Every structure is written in C-alpha cells, then in structure tokens.
C-alpha cells in the first residue's frame with residue numbers, strides 16, 4: 001500500500017498555482033480525501049468553477065516514509081510491486 005496523500009497535496013498545489021491561487025501545503029494535506037467541490041471552497045473560501053484546469057503527471061517518483069524500506073516506484077507507465 002502506498003500513502004498518496006503527499007502526492008495529492010502536491011497535485012492540488014500545482015493545480016491551484018495554475019489558476020493563480022495559493023494555499024499552504026499543510027492546509028491542503030489536511031483536506032485531501034474531500035471531493036474537489038468541497039476541498040476548494042473550504043481551502044480558498046471561494047469556488048474556482050468555470051476556470052480551466054489542465055491535467056498531467058503529478059510526479060515520477062514516490063516519497064519514502066521513515067521506517068519503510070521498500071516503496072514502489074511510480075511512473076506514468078507502470079507501478080512496480082513486491083510479493
């Protein structure tokens with residue numbers, strides 16, 4: 001299992017930056033798991049509906065957490081797992 005909350009936090013931060021918005025990473029991280037329709041107004045205090053956002057790969061690597069020696073490598077093409 002991979003903890004993707006950090007990657008989601010980065011993705012939200014980049015998406016907001018693309019729209020000219022900013023929010024602290026710790027505030028974004030706290031709200032990861034909410035739907036975008038709830039997260040954005042809660043985070044920014046206003047909605048960004050109707051403003052264009054574009055997708056793309058968030059990252060090409062995973063982040064190792066302390067105490068975990070084997071973290072799979074994530075890329076846009078594959079995910080390596082261990083048995």
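FYI, it's all coordinate maths here, none of it is from the lab. Values in this document were obtained by computation on a predicted structure and should not be read as measured data. Every residue, glycine among them, receives a Cβ derived from its backbone with ideal geometry; neighbour counts consider all protein chains shown.
The listed peptides 11-23, 37-49, ordered by packing as a protection proxy, come out as 11-23, 37-49 (highest mean of other Cβ atoms within 10 Å first). Extension gain, residue 32-residue 14: 0.36 nm per intervening residue step, less the Cα-Cα distance, totals 5.1 nm. Put a dot 7 Å past the Cα of residue 49, heading toward its Cβ, do the same for residue 1, and the two dots end up 3.4 nm apart.
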